[in-house]
Amino acid sequence: MADIRLEDVGHSYDGGRTWAVRPMTWTWRSGRAYALLGPSGCGKTTLLNIMSGLITPTTGRVWFGEREVTSVPTAGRNIAQVFQFPVLYEEMSVYDNLAFPLRNRRYPKDEVDRRVRAVSRMLGLDAHLGRRSRRLDPGRQQIVSLGRGLVRSDVAAVLLDEPLTVVDPAVRWTLRSTLKEIHRDTGHTLVYVTHDQTEALTFADEVVVLKDGAIVQAGEPAELFLSPAHEFVGHFIGSPGMNTLPGEVADGLVRVGGQVAGRADGPLPPGPVRVGVRPEFARLGDGPGSPGLPAEVTGVDRMGAYDLVHVRAAGHPLVARAEAGSPYEPGAAEFVRFAVGRVFLFRDAVRCGQVVPLNGRAG
Amino acid sequence: MTLTEPVKDPVAAGADEPDRRPDAKPKDNRAWLLVLPVVVCVTFTALVPLMTVVNYSVQDIFSPSDRIFVGLEWFRSVTRDPEVRGAFLRTLLFSAQVLLIEIPLGVAIAVAMPRRGWTVSAALVVVALPLLIPWNVVGTIWQIFARGDIGLGGWAVNQVPGVDFNYTLDSADAWITVLVMDVWHWTPLVALLAYAALRSIPEPYFQAAQIDGASAWATFRRIQLPRLRGVLTIAILLRFMDSFMIYTEPFVVTGGGPGNATSFLSILLSKIAVGQFDLGPAGAFSLLYFLIVQIVSYVFFTVLTRSGR
Ligand SMILES: Nc1ncnc2c1ncn2[C@@H]1O[C@H](COP(=O)(O)OP(=O)(O)OP(=O)(O)O)[C@@H](O)[C@H]1O
Ligand SMILES: [Mg+2]
C-alpha cells in the first residue's frame, strides 16, 4: 500500500469554464481513515472518481506511491469504490455479487468462498446469500454494494461515497462501527464521503472539508471543531454551527456594533472582519470581561441535556450554550464572555487571527 | 377484475378495510363500458373480415348463388398439400435464420454504438436509414443491387474467383439474397430497440463494472443483457411475425423462384387466393397461417417472460 498523491489535480466538466474540483495538491496517507465532508455539489464524488480513475482529471497528476497513474484505467488501479446508490448485478444472487470482483481477478475458488463468507458475516448478509439481489430492499442492496467494495484484499484504497444514506438509521450505527473494525483489521486507506458531520467526526482519523471544489481545511475531528480555519468549517461542523458577527479591526482592537470585543492578536490591517465563536465557547452569567460583548437575551431553547440561549450581542444575533435549566429570561441584559483562544477573526471567510483579552490574560 | 365479483362501494370499502396494495383501486364493473369503443373498432377491422374468411374456408363456392358446405375438407386438403408443407418449412427456416442473425447482430450494433457525443446522432441516422425505405422499394433496390451483371453487390460477389452468383437461376443464391436483404432491412429495428434499452442504464453500473474489474464480456453479460430482456422479447416477436409473413420483398426480387426456392407461405397464399381464385382453400390456409403465428408468438412470449422471473 502507498500514499495517494494528487498533484495539482483539478477537474472541469465543461472544458475549463467552471471547476468541479479546483486544482489542488493533497496526499491521502496510507492506512488512514478519512472523512470527506462537504455540501451537495462541492465535488466529493468527482474527487473520488479521479482517484479511482473513472474520470481523468483535466489538469494535474495522480500518484500511487512512486507510480504515476493519471492515465491508468480503473482496472489497473486496484481501488474499491462504493457508490451513493446501490449498484448491483441484478440477475445474480447476493453471493455471486460479492464474489464478482474476486472472480474477475481470478482469485482461487476456495479463497473466493472464504472472503465472501467473511464479508457476509461482518455485514449480516448470511441469511440472504442465496437470494437474487434484485429482490432485496434498497438498504440491503446498498449493504451488498458495500460488501463488494470490501471483499477484495489487495486494494490501494477503499472509497465510500455516502454509502449509508439509503440504509436504515438503526442499521447505520452498527455498520459504521463494522466499517471501523474492518478498517482497523485490514489497514486499507479509507475515504468516506458524507454529508453528516457526526458520521464524519466519529468515523475518521482525519476529516477533510471540501467546499466549491477546494479543500478548505483538513485535520483531526477535534481540531476542526476547536479551531476552524474557514468560516464554512465553523458553520458546517458543530450543531448549532459557529456564530459569526460582523466586526471591524482598528488600532488593534476588534469592535462589534461599536463595542470593543477584545484585542486582535498580531498585526492585522484595519478593516472589516467577521468574528466567529462557537456556542460552546460563549458563556453567559460571568459578568463583564474580555473577550466578550454586552448582550440581551431574546429567547431560550431547552434542548433537554443543555439550553441554547439566543441573545443579541452588540446588536447581532448570537447563540450561547448553557447548562440545562439555566435561569435566563427573554429581555434580560447579560454579558456574553468568549473563551480565550476560541474566538477567531475571518476575512474573506478565511481565518486571519483571533480575539484576545484586552489586557494580557486577565480578561 | 372479473365480472362475477360483487361491485363494492369504493368509499365504504376503503373506509373499513383499507387496501394497502399499490394496485388497490376501487372496483366498478361499469368500467367495462370504457372498452366498448375498442370492441366496436376491432369488430369492423378484424372480426368481420376474419369471419368472412371463416365463411369461405368451410364452403365450396362456384358462383355467388351456387355454394356447398364442405366442413373441414379444405383444411384437410391444405394440410396435406406438399406445396403448402414445403412452403411452411421454408418459411419456418427463413424465420429461424432471420432471428438467429438479426437479434445477435442488432444487439452487437447497439452495444457498439456510441453512448454520447455528436457521433450518437450520426450513428442513429445511419442505422435507421434502411427502416425508412418502403418495403417494395427495398425489394426493387435489392433486385438490382444483387444482379450478377449490373448490380453492384452481385457483381462484387462474382469478382471472387470460382463464384458464379445469379439469384435468378440458383436457388441458394436466391435464398441468400432474400435473407441478406431482410437482415439489411430489419436488423436496424433490433439495434434501435436494444440501443434505447442500453441508453437507459445509469452510468454508475458501468463504473461499478470497471471498479470490479469486469471484462467487456462480463459487463455485457451481467449488466447490459439483463436490461435487454424486455426489448428483446418485443424484437423477437416482431421479427418472427414479420419474417414469417414476409411477402413484398421476395415477391419483388425473386417472385418466389427460381422454382419454388423462395416461395414462402404468403407468396403461395396469394397465388392460391388471387392467382387461382380458390377462395375455399385460401380461406382455410389463411386461418391456419394466422393460428401458427399466434401460437408461436404466444410460446415465445411465455418462455421469454417466464425465464426472467
Ligand atoms: N457528469 C457530469 N457532467 C457535468 N457536470 C457534472 C457531472 N458530474 C458532476 N457535475 C457537476 O460537478 C459538480 C460537483 O459534482 P459532484 O457530483 O462531484 O458533487 P458531490 O459533492 O458528490 O455532490 P453530492 O453530495 O450531491 O453527491 C456539481 O456542480 C455537478 O453539477
Ligand atoms: Mg456525490
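Would you call A:L88 away from every other protein chain (no Cβ under 14 Å) and touching a residue at least 24 places away in the same chain (Cβ under 8 Å)? Steps first, answer last, please.
Working: away from every other protein chain (no Cβ under 14 Å): no; touching a residue at least 24 places away in the same chain (Cβ under 8 Å): yes.
Criteria not met by A:L88.
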Worksheet entry | Members of the stretch A:160-174 found to be away from ligand 2 (no atom under 16 Å from the Cβ) and among the acidic types (D, E), listed by number | A:D168
Worksheet, complete the sentence: When the stretch A:1-52 is checked residue by residue, the ones that are touching a helix residue (DSSP H, G or I) at 6+ places or on another chain (Cβ under 8 Å), within 13 Å of ligand 2 (Cβ to nearest atom) and among the β-branched types (V, I, T) are A:V21
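Among the candidates A:I4, A:I55, A:I79, A:I50, single out the residue that is within 22 Å of A:G187 (Cβ to Cβ) and within 14 Å of chain B (Cβ to nearest Cβ). Working first, answer last.
On the way: A:I4 fails: within 14 Å of chain B (Cβ to nearest Cβ); A:I55 fails: within 22 Å of A:G187 (Cβ to Cβ); A:I50 fails: within 22 Å of A:G187 (Cβ to Cβ).
Answer to the check: A:I79.
Looking at A:G149, A:G139, which one is within 12 Å of chain B (Cβ to nearest Cβ) and open to solvent by less than 40 Å² (accessible area, probe 1.4 Å)?
Numbers: A:G139 fails: within 12 Å of chain B (Cβ to nearest Cβ).
Exactly one residue qualifies, and that residue is A:G149.
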Practice prompt. Of all residues in the stretch B:141-176, count the ones that are outside any loop (DSSP other than H, G, I, E, B), open to solvent by 80 Å² or more (accessible area, probe 1.4 Å) and under 15 Å from B:P258 (Cα atoms).
Written response: 1
Worksheet item: Conditions: (1) more than 12 Å from chain A (Cβ to nearest Cβ); (2) of a type in the set (A, V, I, L, M); (3) open to solvent by less than 10 Å² (accessible area, probe 1.4 Å). B:A208 meets all but one. Number of the miss?
Response: (1)
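Answer with yes or no whether A:F346 is in contact with a helix residue (DSSP H, G or I) (Cβ under 8 Å, 6 or more places away or on another chain), surrounded by 16 or more Cβ atoms within 10 Å (Cβ to Cβ), in a strand (DSSP E or B) and not assigned by the TED database to the domain that holds A:L224.
Details: in contact with a helix residue (DSSP H, G or I) (Cβ under 8 Å, 6 or more places away or on another chain): yes; surrounded by 16 or more Cβ atoms within 10 Å (Cβ to Cβ): yes; in a strand (DSSP E or B): yes; not assigned by the TED database to the domain that holds A:L224: yes.
For A:F346, the condition - in contact with a helix residue (DSSP H, G or I) (Cβ under 8 Å, 6 or more places away or on another chain), surrounded by 16 or more Cβ atoms within 10 Å (Cβ to Cβ), in a strand (DSSP E or B) and not assigned by the TED database to the domain that holds A:L224 - is met.
Within the stretch A:89-109, is even one residue within 16 Å of ligand 1 (Cβ to nearest atom) and modelled with pLDDT under 90? Quick ask: steps written out before the conclusion?
So the first thing to find is which residues in the stretch A:89-109 are within 16 Å of ligand 1 (Cβ to nearest atom), and the list is none.
Checking the stretch A:89-109: not a single residue is within 16 Å of ligand 1 (Cβ to nearest atom) and modelled with pLDDT under 90.
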Worksheet, complete the sentence: Counted residues in the stretch B:268-283 being open to solvent by 50 Å² or more (accessible area, probe 1.4 Å) and β-branched (V, I, T) come to 1
Worksheet, complete the sentence: Per the list (1) outside any strand (DSSP E or B); (2) not assigned by the TED database to the domain that holds A:R152, residue check on A:L179 breaks on (2)
Worksheet, complete the sentence: Taking the stretch A:27-59 and keeping residues part of a strand (DSSP E or B) and more than 21 Å from A:P73 (Cα to Cα) leaves A:A33, A:Y34, A:A35, A:L36, A:L37
Worksheet entry | Enumeration of residues in the stretch A:183-198 that are within 13 Å of ligand 1 (Cβ to nearest atom) and surrounded by fewer than 20 Cβ atoms within 10 Å (Cβ to Cβ) | A:H195, A:D196
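The values are calculated or read from the model by the stated rules, or taken from the named source; none is laboratory data. Note that the structure is a prediction, hence the values are computed from the model and not measured. Backbone-built Cβ (ideal geometry, glycine too); neighbour counts: all protein chains shown. Quick note on the areas: whole protein, heavy atoms, side chains included, nothing else; ligands and nucleic acids left out. Shrake-Rupley method; radii C 1.70, N 1.55, O 1.52, S 1.80 Å.
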